[in-house]
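First up is the structure itself, then whatever we jot down about it.
The values are calculated or read from the model by the stated rules, or taken from the named source; none is laboratory data. Since the structure is predicted, the reported quantities are computational estimates derived from the model, not experimental observations. Here the Cβ positions follow ideal geometry from the backbone for every residue, glycine too, while neighbour counts run over all protein chains shown.
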(Lines give C-alpha, C1' and ligand atoms only; values in the text may rest on other atoms or scores of the structure.)
Protein backbone atom coordinates (compact mmCIF):
# COMPACT_ATOMS: atom_id res chain seq x y z
CA UNK A 1 0.00 0.00 0.00
CA UNK A 2 1.07 3.62 -0.43
CA UNK A 3 2.54 5.11 2.73
CA UNK A 4 1.52 8.75 2.91
CA UNK A 5 2.31 9.02 6.60
CA UNK A 6 6.03 9.70 6.07
CA UNK A 7 7.07 12.96 7.68
CA UNK A 8 7.68 15.61 5.08
CA UNK A 9 11.20 16.95 4.67
CA UNK A 10 10.96 20.62 5.58
CA UNK A 11 13.49 23.30 4.70
CA UNK A 12 15.04 25.07 7.64
CA UNK A 13 12.81 27.72 9.12
CA UNK A 14 9.59 26.74 7.41
CA UNK A 15 6.43 26.06 9.38
CA UNK A 16 4.69 22.69 9.27
CA UNK A 17 1.17 23.91 10.04
CA UNK A 18 -0.86 26.78 8.64
CA UNK A 19 -1.71 29.76 10.73
CA UNK A 20 -5.06 29.38 12.37
CA UNK A 21 -7.62 31.43 10.51
CA UNK A 22 -10.89 32.25 12.28
CA UNK A 23 -13.94 31.19 10.31
CA UNK A 24 -15.16 34.77 10.00
CA UNK A 25 -11.80 35.94 8.61
CA UNK A 26 -11.67 32.99 6.22
CA UNK A 27 -14.80 34.25 4.46
CA UNK A 28 -14.24 37.99 4.82
CA UNK A 29 -13.61 39.96 1.65
CA UNK A 30 -9.96 40.32 0.73
CA UNK A 31 -6.89 38.27 -0.06
CA UNK A 32 -5.60 35.38 2.07
CA UNK A 33 -2.68 33.05 1.63
CA UNK A 34 -3.69 29.75 0.10
CA UNK A 35 -2.55 27.85 3.18
CA UNK A 36 -4.82 30.05 5.28
CA UNK A 37 -7.76 29.18 3.03
CA UNK A 38 -7.38 25.49 3.88
CA UNK A 39 -5.41 24.18 0.90
CA UNK A 40 -2.45 23.13 3.08
CA UNK A 41 -3.49 20.29 5.42
CA UNK A 42 -0.41 18.38 6.68
CA UNK A 43 -2.56 16.18 8.92
CA UNK A 44 -4.82 15.00 6.10
CA UNK A 45 -4.88 11.25 5.39
CA UNK A 46 -5.84 10.55 1.76
CA UNK A 47 -8.89 8.39 1.16
CA UNK A 48 -8.76 5.33 -1.08
CA UNK A 49 -11.04 7.19 -3.49
CA UNK A 50 -8.87 10.32 -3.71
CA UNK A 51 -6.89 11.13 -6.83
CA UNK A 52 -3.38 12.00 -5.70
CA UNK A 53 -1.04 14.11 -7.81
CA UNK A 54 2.68 14.49 -7.24
CA UNK A 55 4.03 17.82 -8.45
CA UNK A 56 7.63 18.98 -8.67
CA UNK A 57 7.50 22.61 -7.55
CA UNK A 58 10.14 25.30 -7.98
CA UNK A 59 8.86 28.30 -5.99
CA UNK A 60 9.81 31.85 -6.81
CA UNK A 61 12.29 33.39 -4.34
CA UNK A 62 10.53 34.23 -1.09
CA UNK A 63 7.63 31.80 -1.61
CA UNK A 64 7.52 29.11 1.07
CA UNK A 65 7.17 25.57 -0.27
CA UNK A 66 4.02 24.91 1.74
CA UNK A 67 2.40 28.04 0.35
CA UNK A 68 3.47 27.06 -3.17
CA UNK A 69 1.96 23.59 -2.69
CA UNK A 70 -1.24 25.10 -1.29
CA UNK A 71 -1.42 27.45 -4.27
CA UNK A 72 -1.18 24.52 -6.69
CA UNK A 73 -3.91 22.70 -4.76
CA UNK A 74 -6.12 25.77 -4.73
CA UNK A 75 -5.66 26.85 -8.34
CA UNK A 76 -6.21 23.30 -9.61
CA UNK A 77 -9.46 22.90 -7.65
CA UNK A 78 -11.69 25.60 -6.15
CA UNK A 79 -9.60 28.68 -5.36
CA UNK A 80 -9.07 32.00 -7.03
CA UNK A 81 -6.81 34.88 -6.04
CA UNK A 82 -9.25 36.40 -3.55
CA UNK A 83 -11.97 35.27 -1.17
CA UNK A 84 -15.37 34.98 -2.90
CA UNK A 85 -18.67 34.94 -1.06
CA UNK A 86 -19.99 32.02 -3.14
CA UNK A 87 -17.58 29.74 -1.24
CA UNK A 88 -20.31 29.65 1.41
CA UNK A 89 -22.71 28.07 -1.08
CA UNK A 90 -20.50 25.01 -1.60
CA UNK A 91 -19.14 22.18 0.52
CA UNK A 92 -15.70 23.80 0.48
CA UNK A 93 -14.08 21.41 2.92
CA UNK A 94 -14.85 18.50 0.62
CA UNK A 95 -14.27 20.10 -2.76
CA UNK A 96 -11.02 21.92 -2.14
CA UNK A 97 -7.86 19.99 -3.03
CA UNK A 98 -5.53 19.37 -0.12
CA UNK A 99 -1.74 19.65 -0.22
CA UNK A 100 -0.71 17.34 2.59
CA UNK A 101 3.00 16.72 2.18
CA UNK A 102 6.07 18.55 0.89
CA UNK A 103 9.46 16.86 0.43
CA UNK A 104 12.73 18.37 -0.69
CA UNK A 105 13.70 16.79 -4.02
CA UNK A 106 16.87 14.69 -3.64
CA UNK A 107 20.01 16.22 -5.15
CA UNK A 108 18.22 19.44 -6.05
CA UNK A 109 20.22 22.62 -6.42
CA UNK A 110 20.73 24.48 -3.14
CA UNK A 111 20.50 27.79 -4.96
CA UNK A 112 17.17 26.84 -6.57
CA UNK A 113 15.54 24.13 -4.43
CA UNK A 114 12.74 21.97 -5.79
CA UNK A 115 10.03 20.22 -3.80
CA UNK A 116 7.74 17.27 -4.26
CA UNK A 117 4.20 18.32 -3.33
CA UNK A 118 1.56 15.64 -2.72
CA UNK A 119 -1.98 16.88 -3.38
CA UNK A 120 -5.23 14.95 -2.87
CA UNK A 121 -8.40 15.60 -4.89
CA UNK A 122 -11.85 14.37 -4.00
CA UNK A 123 -13.35 12.11 -6.66
CA UNK A 124 -16.42 14.33 -7.01
CA UNK A 125 -14.29 17.05 -8.59
CA UNK A 126 -14.05 15.10 -11.85
CA UNK A 127 -16.41 13.89 -14.55
CA UNK A 128 -16.47 10.14 -14.94
CA UNK A 129 -14.73 8.71 -18.00
CA UNK A 130 -13.27 12.05 -19.10
CA UNK A 131 -9.51 12.52 -19.35
CA UNK A 132 -10.28 15.95 -20.81
CA UNK A 133 -12.00 17.04 -17.61
CA UNK A 134 -9.30 15.49 -15.42
CA UNK A 135 -6.57 17.38 -17.24
CA UNK A 136 -8.54 20.64 -17.28
CA UNK A 137 -8.17 20.70 -13.50
CA UNK A 138 -4.82 19.07 -12.86
CA UNK A 139 -2.87 20.87 -15.62
CA UNK A 140 -5.16 23.81 -16.25
CA UNK A 141 -4.27 27.41 -15.33
CA UNK A 142 -1.90 26.42 -12.56
CA UNK A 143 1.10 25.85 -14.84
CA UNK A 144 1.21 29.57 -15.64
CA UNK A 145 0.92 30.72 -12.02
CA UNK A 146 3.39 33.54 -11.28
CA UNK A 147 4.48 32.49 -7.74
CA UNK A 148 5.88 29.28 -9.28
CA UNK A 149 9.12 29.47 -11.21
CA UNK A 150 8.42 26.02 -12.65
CA UNK A 151 5.93 23.20 -12.14
CA UNK A 152 5.93 19.59 -13.29
CA UNK A 153 3.36 16.82 -12.81
CA UNK A 154 5.53 13.80 -11.97
CA UNK A 155 3.02 11.07 -11.16
CA UNK A 156 -0.59 10.38 -10.22
CA UNK A 157 -2.46 7.75 -8.28
CA UNK A 158 -5.78 7.02 -9.96
CA UNK A 159 -8.24 5.29 -7.60
CA UNK A 160 -10.00 2.13 -8.74
CA UNK A 161 -13.37 3.82 -8.36
CA UNK A 162 -12.38 6.36 -11.02
CA UNK A 163 -10.58 3.87 -13.28
CA UNK A 164 -13.77 1.82 -13.56
CA UNK A 165 -15.46 4.73 -15.34
CA UNK A 166 -13.02 4.44 -18.27
CA UNK A 167 -13.16 1.97 -21.15
CA UNK A 168 -9.42 1.36 -21.44
CA UNK A 169 -7.77 -0.18 -24.51
CA UNK A 170 -10.26 -1.50 -27.08
CA UNK A 171 -8.24 -4.66 -27.85
CA UNK A 172 -5.32 -5.11 -25.46
CA UNK A 173 -2.15 -7.17 -25.70
CA UNK A 174 -3.70 -10.61 -25.14
CA UNK A 175 -6.46 -10.26 -27.74
CA UNK A 176 -4.12 -8.65 -30.26
CA UNK A 177 -1.72 -11.59 -30.05
CA UNK A 178 -4.64 -13.99 -30.44
CA UNK A 179 -5.83 -12.17 -33.56
CA UNK A 180 -2.34 -12.11 -35.07
CA UNK A 181 -1.42 -15.61 -33.82
CA UNK A 182 2.03 -14.34 -32.80
CA UNK A 183 3.52 -15.22 -29.43
CA UNK A 184 6.82 -15.40 -27.59
CA UNK A 185 8.56 -12.42 -29.14
CA UNK A 186 8.20 -8.69 -29.67
CA UNK A 187 6.38 -7.62 -32.81
CA UNK A 188 8.41 -5.95 -35.54
CA UNK A 189 7.48 -2.84 -37.47
CA UNK A 190 8.83 0.01 -39.55
CA UNK A 191 7.73 3.52 -40.38
CA UNK A 192 7.59 4.40 -44.06
CA UNK A 193 10.37 6.82 -45.02
CA UNK A 194 10.61 9.49 -46.23
CA UNK A 195 7.73 10.75 -44.14
CA UNK A 196 6.41 13.01 -46.87
CA UNK A 197 6.53 13.17 -50.66
CA UNK A 198 5.97 9.59 -51.86
CA UNK A 199 3.18 8.82 -54.31
CA UNK A 200 0.53 6.31 -53.29
CA UNK A 201 1.96 3.57 -55.51
CA UNK A 202 5.53 3.99 -54.28
CA UNK A 203 4.22 4.11 -50.73
CA UNK A 204 2.50 0.77 -51.23
CA UNK A 205 5.72 -0.70 -52.60
CA UNK A 206 7.54 0.18 -49.36
CA UNK A 207 4.77 -1.48 -47.34
CA UNK A 208 4.86 -4.64 -49.44
CA UNK A 209 8.63 -5.08 -49.33
CA UNK A 210 8.84 -4.49 -45.59
CA UNK A 211 6.09 -6.98 -44.78
CA UNK A 212 7.37 -9.60 -47.21
CA UNK A 213 10.84 -9.32 -45.69
CA UNK A 214 9.61 -10.37 -42.26
CA UNK A 215 8.03 -7.43 -40.47
CA UNK A 216 4.64 -7.70 -38.79
CA UNK A 217 3.58 -4.09 -39.37
CA UNK A 218 4.38 -1.07 -41.49
CA UNK A 219 3.32 2.36 -40.30
CA UNK A 220 2.29 5.79 -41.49
CA UNK A 221 4.31 8.52 -39.83
CA UNK A 222 2.72 11.13 -37.62
CA UNK A 223 2.47 13.88 -40.24
CA UNK A 224 1.21 11.89 -43.23
CA UNK A 225 -2.51 12.61 -43.47
CA UNK A 226 -3.95 13.78 -46.81
CA UNK A 227 -1.61 16.09 -48.69
CA UNK A 228 -1.47 17.22 -52.33
CA UNK A 229 1.18 14.64 -53.24
CA UNK A 230 -0.90 11.73 -51.86
CA UNK A 231 -4.59 11.72 -50.98
CA UNK A 232 -5.47 9.54 -48.02
CA UNK A 233 -7.69 7.22 -50.09
CA UNK A 234 -4.85 6.50 -52.50
CA UNK A 235 -2.52 5.66 -49.63
CA UNK A 236 -5.06 3.36 -48.00
CA UNK A 237 -5.78 1.51 -51.25
CA UNK A 238 -2.14 0.90 -52.19
CA UNK A 239 -1.11 0.08 -48.61
CA UNK A 240 -3.88 -2.48 -48.11
CA UNK A 241 -3.15 -4.07 -51.50
CA UNK A 242 0.43 -4.47 -50.25
CA UNK A 243 -0.76 -6.01 -46.97
CA UNK A 244 -2.95 -8.54 -48.81
CA UNK A 245 -0.13 -9.58 -51.15
CA UNK A 246 2.39 -9.92 -48.32
CA UNK A 247 -0.02 -12.02 -46.26
CA UNK A 248 -0.68 -14.34 -49.19
CA UNK A 249 3.01 -14.81 -49.91
CA UNK A 250 4.25 -15.26 -46.32
CA UNK A 251 1.30 -17.05 -44.72
CA UNK A 252 1.43 -14.61 -41.78
CA UNK A 253 -1.11 -12.05 -40.67
CA UNK A 254 0.24 -8.56 -41.34
CA UNK A 255 -0.92 -4.99 -40.91
CA UNK A 256 -0.28 -1.37 -41.77
CA UNK A 257 -1.08 1.46 -39.36
CA UNK A 258 -3.31 3.71 -41.46
CA UNK A 259 -3.18 7.18 -39.93
CA UNK A 260 -6.73 8.52 -39.69
CA UNK A 261 -5.71 11.80 -38.02
CA UNK A 262 -7.62 14.66 -39.64
CA UNK A 263 -8.95 18.14 -39.05
CA UNK A 264 -12.37 17.04 -37.77
CA UNK A 265 -13.85 14.01 -36.05
CA UNK A 266 -16.16 13.51 -39.02
CA UNK A 267 -13.16 13.12 -41.31
CA UNK A 268 -11.45 10.78 -38.86
CA UNK A 269 -14.48 8.51 -38.64
CA UNK A 270 -14.78 8.49 -42.45
CA UNK A 271 -11.16 7.43 -42.84
CA UNK A 272 -11.42 4.80 -40.12
CA UNK A 273 -14.53 3.31 -41.72
CA UNK A 274 -12.80 3.15 -45.10
CA UNK A 275 -9.79 1.43 -43.53
CA UNK A 276 -12.13 -1.14 -42.01
CA UNK A 277 -13.88 -1.69 -45.37
CA UNK A 278 -10.50 -2.42 -46.96
CA UNK A 279 -9.82 -5.12 -44.38
CA UNK A 280 -7.33 -3.31 -42.15
CA UNK A 281 -7.00 -4.66 -38.62
CA UNK A 282 -5.51 -1.43 -37.26
CA UNK A 283 -5.79 2.34 -37.51
CA UNK A 284 -3.57 5.06 -36.11
CA UNK A 285 -4.02 8.45 -34.46
CA UNK A 286 -1.68 11.16 -33.19
CA UNK A 287 -1.52 12.43 -29.62
CA UNK A 288 -2.06 15.98 -30.86
CA UNK A 289 -5.73 15.30 -31.69
CA UNK A 290 -6.53 15.71 -27.98
CA UNK A 291 -8.02 13.63 -25.19
CA UNK A 292 -11.66 13.78 -26.26
CA UNK A 293 -10.80 12.69 -29.80
CA UNK A 294 -8.51 9.92 -28.51
CA UNK A 295 -11.29 8.60 -26.28
CA UNK A 296 -13.81 8.81 -29.12
CA UNK A 297 -11.55 6.87 -31.48
CA UNK A 298 -10.98 4.31 -28.73
CA UNK A 299 -14.72 3.76 -28.49
CA UNK A 300 -14.99 3.46 -32.27
CA UNK A 301 -12.18 0.88 -32.32
CA UNK A 302 -13.85 -1.16 -29.59
CA UNK A 303 -17.18 -1.21 -31.44
CA UNK A 304 -15.49 -2.19 -34.71
CA UNK A 305 -12.96 -4.75 -33.41
CA UNK A 306 -10.00 -2.66 -34.56
CA UNK A 307 -6.58 -2.18 -32.98
CA UNK A 308 -5.82 1.48 -32.19
CA UNK A 309 -2.22 2.69 -32.51
CA UNK A 310 -1.18 6.03 -30.99
CA UNK A 311 1.85 8.01 -32.08
CA UNK A 312 2.88 10.38 -29.30
CA UNK A 313 3.50 13.30 -31.68
CA UNK A 314 4.05 16.51 -29.74
CA UNK A 315 4.68 15.00 -26.31
CA UNK A 316 8.25 16.34 -26.10
CA UNK A 317 6.95 19.90 -25.89
CA UNK A 318 5.82 19.22 -22.32
CA UNK A 319 7.45 15.95 -21.17
CA UNK A 320 11.14 16.51 -21.85
CA UNK A 321 12.14 19.21 -19.37
CA UNK A 322 12.79 17.88 -15.91
CA UNK A 323 11.53 20.89 -13.98
CA UNK A 324 8.43 21.93 -15.94
CA UNK A 325 5.64 20.16 -17.79
CA UNK A 326 4.31 16.61 -17.42
CA UNK A 327 6.20 13.35 -17.08
CA UNK A 328 5.41 10.83 -19.78
CA UNK A 329 4.53 8.28 -17.08
CA UNK A 330 1.45 10.42 -16.42
CA UNK A 331 0.65 10.66 -20.13
CA UNK A 332 0.96 6.86 -20.31
CA UNK A 333 -1.62 6.48 -17.54
CA UNK A 334 -4.03 8.83 -19.30
CA UNK A 335 -3.57 7.00 -22.60
CA UNK A 336 -4.40 3.67 -20.98
CA UNK A 337 -7.52 5.20 -19.45
CA UNK A 338 -8.62 6.92 -22.67
CA UNK A 339 -8.27 3.67 -24.58
CA UNK A 340 -5.43 2.99 -27.03
CA UNK A 341 -3.83 -0.37 -27.86
CA UNK A 342 -0.36 0.78 -28.90
CA UNK A 343 1.57 3.79 -27.57
CA UNK A 344 5.04 4.99 -28.41
CA UNK A 345 6.95 5.06 -25.12
CA UNK A 346 10.64 5.45 -25.93
CA UNK A 347 13.62 3.28 -26.84
CA UNK A 348 16.36 4.26 -24.34
CA UNK A 349 18.95 3.42 -27.02
CA UNK A 350 17.62 5.34 -30.02
CA UNK A 351 17.71 8.94 -31.20
CA UNK A 352 14.93 10.26 -28.95
CA UNK A 353 15.40 11.34 -25.34
CA UNK A 354 14.75 8.82 -22.57
CA UNK A 355 16.91 7.01 -20.03
CA UNK A 356 16.58 3.23 -19.54
CA UNK A 357 15.02 3.23 -16.07
CA UNK A 358 12.45 5.93 -16.79
CA UNK A 359 11.47 4.30 -20.08
CA UNK A 360 11.04 0.94 -18.34
CA UNK A 361 8.72 2.73 -15.93
CA UNK A 362 6.61 3.99 -18.84
CA UNK A 363 6.40 0.48 -20.27
CA UNK A 364 5.36 -0.92 -16.89
CA UNK A 365 2.56 1.65 -16.59
CA UNK A 366 1.22 0.64 -20.00
CA UNK A 367 1.37 -3.14 -19.73
CA UNK A 368 1.25 -4.31 -16.10
CA UNK A 369 -1.91 -5.28 -14.23
CA UNK A 370 -0.57 -3.68 -11.06
CA UNK A 371 2.26 -1.19 -10.62
CA UNK A 372 4.09 -1.35 -7.28
CA UNK A 373 5.99 1.66 -5.99
CA UNK A 374 9.30 1.74 -7.89
CA UNK A 375 11.17 4.97 -7.25
CA UNK A 376 14.14 3.90 -9.36
CA UNK A 377 11.80 3.93 -12.37
CA UNK A 378 9.91 7.03 -11.30
CA UNK A 379 6.77 5.27 -10.05
CA UNK A 380 5.85 7.00 -6.79
CA UNK A 381 2.48 5.33 -6.21
CA UNK A 382 1.08 1.85 -6.09
CA UNK A 383 -1.34 1.67 -9.02
CA UNK A 384 -3.82 -1.17 -9.50
CA UNK A 385 -5.36 -1.11 -12.98
CA UNK A 386 -8.77 -2.54 -12.09
CA UNK A 387 -8.89 -4.91 -15.04
CA UNK A 388 -8.22 -2.31 -17.74
CA UNK A 389 -6.61 -4.04 -20.70
CA UNK A 390 -2.90 -3.67 -21.33
CA UNK A 391 -1.32 -1.33 -23.87
CA UNK A 392 1.48 -2.57 -26.14
CA UNK A 393 4.44 -0.15 -25.80
CA UNK A 394 6.21 0.85 -29.00
CA UNK A 395 9.97 1.47 -29.30
CA UNK A 396 10.64 3.64 -32.32
CA UNK A 397 13.18 6.23 -33.36
CA UNK A 398 16.80 5.67 -34.38
CA UNK A 399 17.10 1.94 -33.61
CA UNK A 400 18.72 -0.75 -35.74
CA UNK A 401 19.44 -4.49 -35.80
CA UNK A 402 22.72 -4.07 -33.94
CA UNK A 403 20.78 -3.00 -30.83
CA UNK A 404 18.39 -5.96 -30.81
CA UNK A 405 19.96 -7.56 -27.72
CA UNK A 406 19.61 -4.30 -25.78
CA UNK A 407 16.00 -3.79 -26.80
CA UNK A 408 14.94 -7.34 -25.91
CA UNK A 409 16.82 -7.20 -22.61
CA UNK A 410 15.29 -3.85 -21.66
CA UNK A 411 11.70 -4.39 -22.73
CA UNK A 412 10.97 -8.11 -23.06
CA UNK A 413 8.39 -9.66 -25.37
CA UNK A 414 5.35 -7.43 -25.01
CA UNK A 415 6.57 -4.54 -27.13
CA UNK A 416 6.70 -3.45 -30.75
CA UNK A 417 10.15 -2.67 -32.11
CA UNK A 418 9.95 -0.31 -35.08
CA UNK A 419 12.92 0.15 -37.38
CA UNK A 420 12.15 2.85 -39.95
CA UNK A 421 15.51 4.03 -41.22
CA UNK A 422 16.94 0.74 -39.92
CA UNK A 423 14.81 -1.08 -42.49
CA UNK A 424 14.34 1.30 -45.39
CA UNK A 425 17.93 2.55 -45.28
CA UNK A 426 19.44 -0.93 -45.69
CA UNK A 427 22.11 -0.96 -48.43
CA UNK A 428 20.41 -3.88 -50.22
CA UNK A 429 16.91 -2.48 -50.04
CA UNK A 430 13.77 -2.55 -47.93
CA UNK A 431 13.11 -6.29 -48.00
CA UNK A 432 16.70 -7.03 -46.98
CA UNK A 433 16.39 -4.52 -44.14
CA UNK A 434 13.26 -6.24 -42.87
CA UNK A 435 14.95 -9.65 -43.10
CA UNK A 436 17.96 -8.38 -41.14
CA UNK A 437 15.72 -7.21 -38.32
CA UNK A 438 13.69 -10.43 -38.25
CA UNK A 439 16.82 -12.63 -38.16
CA UNK A 440 18.38 -10.45 -35.45
CA UNK A 441 15.23 -10.70 -33.33
CA UNK A 442 14.81 -14.45 -33.70
CA UNK A 443 18.52 -14.94 -32.90
CA UNK A 444 18.14 -13.02 -29.65
CA UNK A 445 14.88 -14.74 -28.67
CA UNK A 446 16.39 -18.18 -29.29
CA UNK A 447 19.51 -17.34 -27.27
CA UNK A 448 17.47 -15.91 -24.41
CA UNK A 449 15.22 -18.95 -24.30
CA UNK A 450 18.33 -21.13 -24.10
CA UNK A 451 19.44 -19.23 -21.00
CA UNK A 452 22.13 -17.09 -22.62
CA UNK A 453 22.95 -13.64 -21.23
CA UNK A 454 21.91 -11.64 -24.26
CA UNK A 455 22.79 -8.28 -22.67
CA UNK A 456 26.50 -9.14 -22.62
CA UNK A 457 26.70 -11.80 -25.34
CA UNK A 458 24.42 -10.00 -27.80
CA UNK A 459 27.06 -8.52 -30.13
CA UNK A 460 28.83 -11.87 -30.50
CA UNK A 461 25.54 -13.67 -31.09
CA UNK A 462 24.60 -11.20 -33.81
CA UNK A 463 27.98 -11.54 -35.49
CA UNK A 464 27.61 -15.33 -35.48
CA UNK A 465 24.14 -15.11 -37.02
CA UNK A 466 25.39 -12.63 -39.62
CA UNK A 467 27.78 -15.23 -41.00
CA UNK A 468 24.72 -17.08 -42.30
CA UNK A 469 22.59 -14.02 -43.22
CA UNK A 470 23.99 -11.49 -45.66
CA UNK A 471 21.29 -8.84 -44.97
CA UNK A 472 22.11 -8.93 -41.24
CA UNK A 473 25.84 -8.69 -41.93
CA UNK A 474 25.25 -5.67 -44.15
CA UNK A 475 23.09 -4.05 -41.47
CA UNK A 476 25.75 -4.57 -38.80
CA UNK A 477 28.47 -3.26 -41.11
CA UNK A 478 26.39 -0.17 -41.86
CA UNK A 479 25.05 0.72 -38.40
CA UNK A 480 26.88 -1.46 -35.89
CA UNK A 481 28.85 1.46 -34.43
CA UNK A 482 25.98 3.96 -34.47
CA UNK A 483 24.83 5.09 -31.01
CA UNK A 484 23.00 8.11 -29.62
CA UNK A 485 24.84 8.21 -26.32
CA UNK A 486 23.77 11.57 -24.91
CA UNK A 487 22.93 12.37 -21.31
CA UNK A 488 19.13 12.12 -20.85
CA UNK A 489 17.39 15.31 -19.77
CA UNK A 490 14.78 13.52 -17.64
CA UNK A 491 16.22 10.96 -15.23
CA UNK A 492 14.81 9.40 -12.04
CA UNK A 493 15.52 11.30 -8.83
CA UNK A 494 16.17 8.16 -6.82
CA UNK A 495 18.60 6.25 -9.06
CA UNK A 496 21.78 6.70 -11.06
CA UNK A 497 20.90 6.14 -14.70
CA UNK A 498 23.04 3.50 -16.43
CA UNK A 499 24.20 3.92 -19.99
CA UNK A 500 23.17 1.21 -22.42
CA UNK A 501 24.31 2.71 -25.70
Only one of (1) within 20 Å of residue 315 (Cβ to Cβ); (2) outside the structural domain of residue 408 (by TED's automatic domain parsing); (3) part of a loop (DSSP other than H, G, I, E, B) does not apply to residue 129, and that is (1)
Specify which of the listed residues (278, 253) is surrounded by fewer than 22 Cβ atoms within 10 Å (Cβ to Cβ), closer than 22 Å to residue 201 by Cβ and at pLDDT 95 or above. 278
Restricting attention to the stretch 378-398, the residues that are modelled with pLDDT of 95 or more and closer than 13 Å to residue 411 by Cα number exactly 3
Count of the stretch 170-186 residues which are closer than 21 Å to residue 297 by Cβ and touching a helix residue (DSSP H, G or I) at 6+ places or on another chain (Cβ under 9 Å): 3
Selection status of residue 180, in the same structural domain as residue 336 (by TED's automatic domain parsing) and either touching a residue at least 12 places away in the same chain (Cβ under 8 Å) or touching a strand residue (DSSP E or B) at 6+ places or on another chain (Cβ under 7 Å) (or both): yes
Kindly evaluate residue 153 against the criterion of being in a loop (DSSP other than H, G, I, E, B) and surrounded by 18 or more Cβ atoms within 10 Å (Cβ to Cβ). no
In the list 295, 261, which residue meets the criterion of being farther than 19 Å from residue 180 by Cα and surrounded by fewer than 23 Cβ atoms within 10 Å (Cβ to Cβ)? 295
Only residues that are surrounded by fewer than 23 Cβ atoms within 10 Å (Cβ to Cβ) and farther than 22 Å from residue 183 by Cβ: list them for the stretch 432-460, please. 432, 453, 455, 456, 457, 459, 460
Out of all the residues in the stretch 453-460, is one or more closer than 27 Å to residue 364 by Cα, out of contact with any strand residue (DSSP E or B) (no Cβ under 9 Å at 6 or more places or on another chain) and outside any helix (DSSP H, G or I)? yes
What number of residues within the stretch 423-447 satisfy the criterion of being closer than 18 Å to residue 397 by Cβ and part of a loop (DSSP other than H, G, I, E, B)? 2
Which residues, counting only those in the stretch 34-49, are closer than 24 Å to residue 164 by Cβ and in a helix (DSSP H, G or I)? none
Residue 394 fails exactly one of (1) assigned to a helix (DSSP H, G or I); (2) touching a residue at least 60 places away in the same chain (Cβ under 8 Å); (3) surrounded by 21 or more Cβ atoms within 10 Å (Cβ to Cβ), namely (1)
Tally of residues being in a strand (DSSP E or B) and in contact (Cβ under 8 Å) with a residue 60 or more places away in the chain across the stretch 292-322: 4
Since residue 128 meets every condition but one in (1) over 26 Å from residue 358 (Cα atoms); (2) in contact (Cβ under 8 Å) with a residue 40 or more places away in the chain, which condition does it not meet? (2)
Among the candidates 50, 43, residue that is in the same structural domain as residue 150 (by TED's automatic domain parsing), surrounded by fewer than 18 Cβ atoms within 10 Å (Cβ to Cβ) and at pLDDT 95 or above: 43
